[in-house]
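Any read-out appearing in this document is the output of simple, stated calculations on the displayed coordinates, not a laboratory observation. None of the values given here were measured: they were computed from a predicted structure. Cβ placement follows ideal geometry from the backbone for every residue including glycine, while neighbour counts extend to all protein chains displayed.
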Amino acid sequence: MAANPHLRTSAAVELYRAGKVTLSRGAEIAGLDLEASKERLAERNVPILVEEPPEDVRAGAETIRGLWGTR
């Protein structure tokens, strides 16, 4: 598998799709940088999950609400 980039990428995509690896680990398995890995996932219609702490999500939502003037 190490000599076959296509096979490594396919394996990484399927592992990520199944929730078995993180985005960064999938990129490592595929032998790609993070942005290239995201592109491969997008090409295969695999949603990219964002792992943000809940407090960061809440803070971001508050910022957006403030910009839009809503509460």
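Here is how the numbers come out for the structure above:
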| item | result |
| --- | --- |
| Fraction in percent of alpha-carbon pairs per bin - 5 Å, the chain | 3, 17, 22, 16, 9, 10, 9, 7, 4, 2, 1 |
| GluC sites (Glu not before Pro) within the stretch 1-67, DSSP loop, no more than 15 other Cβ atoms inside 10 Å | E51 |
| Extension reserve of the R65-A18 stretch, reckoned as 0.36 nm per residue once the Cα distance is removed | 13.5 nm |
| Estimated FRET transfer efficiency when R0 is 25 angstrom, pair E28-R58 (beta carbons, to 0.05) | 0.25 |
| Average Cα contact separation per residue, the chain, under 8 Å, 6 or more apart, as relative contact order % | 21 percent |
